[in-house]
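Novice: Got a structure here, written out as structure tokens. Questions coming.
The values are calculated or read from the model by the stated rules, or taken from the named source; none is laboratory data. Everything quoted here is computed from the prediction, not taken from an experiment. Virtual Cβ from ideal backbone geometry, glycine too; neighbours counted across all protein chains shown.
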Amino acid sequence: MKLRLLYPRDKVGEAVLSRIVLETQILVNILEAKVTPTTGEMVVDVPVRGTQLEETIALFEKARVDVKKILAVVRIDTDRCISCGACVSPCPAQAIKQNVDWSVELEEAKCIGCLVCVDACPVRAIVPA
């Protein structure tokens, strides 16, 4: 499950993520991070479900980190898509591919939510979910 973690100013300098990884023994993959002296925002992939996921989220919230589940980031409007492939190469996560029949396919599990594909689409067939 992908999560967006929003760190308050007083937590930016703390090793919250490292502490939770050590405590849960769940290897969290950082997909995107933006940290400034005043705020921190990360998109992470937590490879668990059910109670393990909810316990991990509770640990972040206990540390006063705001957690948002990312269920879907973008969607492809197949009625508008002309299968030009302009969205494929700019995707840093290789979450969009062009099939042999030229159709464009999104692999949501790989998507990191950067929205580069939204800007790359010349007919605006890719939209935020």
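Novice: Listed residues Cys91, Cys114, Cys84; which is in contact with a strand residue (DSSP E or B) (Cβ under 7 Å, 6 or more places away or on another chain), part of a loop (DSSP other than H, G, I, E, B), outside the structural domain of Thr24 (by TED's automatic domain parsing) and surrounded by 15 or more Cβ atoms within 10 Å (Cβ to Cβ)? Can you show your working first?
Specialist: Numbers: Cys91 fails: in contact with a strand residue (DSSP E or B) (Cβ under 7 Å, 6 or more places away or on another chain); Cys84 fails: in contact with a strand residue (DSSP E or B) (Cβ under 7 Å, 6 or more places away or on another chain).
It is Cys114.
Novice: Is it the case that Gly13 is more than 15 Å from the chain's Cα centre (by Cα), modelled with pLDDT of 90 or more and small (Gly, Ala, Ser)? Before the answer, list the steps.
Specialist: Working: more than 15 Å from the chain's Cα centre (by Cα): yes; modelled with pLDDT of 90 or more: no; small (Gly, Ala, Ser): yes.
Taking the combined requirement at face value, the residue does not satisfy it.
Novice: Where the second residue is surrounded by 10 or more Cβ atoms within 10 Å (Cβ to Cβ) and of a type in the set (Phe, Trp, Tyr) and the first is under 20 Å from Lys2 (Cβ atoms) and lies in the range 14-40, which pairs have Cβ atoms under 6 Å and are six or more apart or on separate chains?
Specialist: Short answer, once both residue conditions are applied: Gly40/Tyr7.
Novice: Report whether or not Pro47 is closer than 27 Å to Pro128 by Cα, assigned to a loop (DSSP other than H, G, I, E, B), outside the structural domain of Gly113 (by TED's automatic domain parsing) and out of contact with any Cys (no Cβ under 9 Å at 6 or more places or on another chain). Quick ask: steps written out before the conclusion?
Specialist: On the way: closer than 27 Å to Pro128 by Cα: yes; assigned to a loop (DSSP other than H, G, I, E, B): yes; outside the structural domain of Gly113 (by TED's automatic domain parsing): yes; out of contact with any Cys (no Cβ under 9 Å at 6 or more places or on another chain): yes.
In short, yes.
Novice: If you don't mind, there's one more thing I want to ask. Kindly provide the set of residues from the range 27-71 that are of a type in the set (S, T, N, Q), touching a helix residue (DSSP H, G or I) at 6+ places or on another chain (Cβ under 8 Å) and surrounded by 11 or more Cβ atoms within 10 Å (Cβ to Cβ), ordered by number. Walk me through it before giving the result.
Specialist: Our first condition is that a residue be of a type in the set (S, T, N, Q); within the range 27-71, this holds for 29, 36, 38-39, 51-52, 56.
Those still in the list that are touching a helix residue (DSSP H, G or I) at 6+ places or on another chain (Cβ under 8 Å) too: 38-39, 52, 56.
Selection gives Thr39, Gln52, Thr56.
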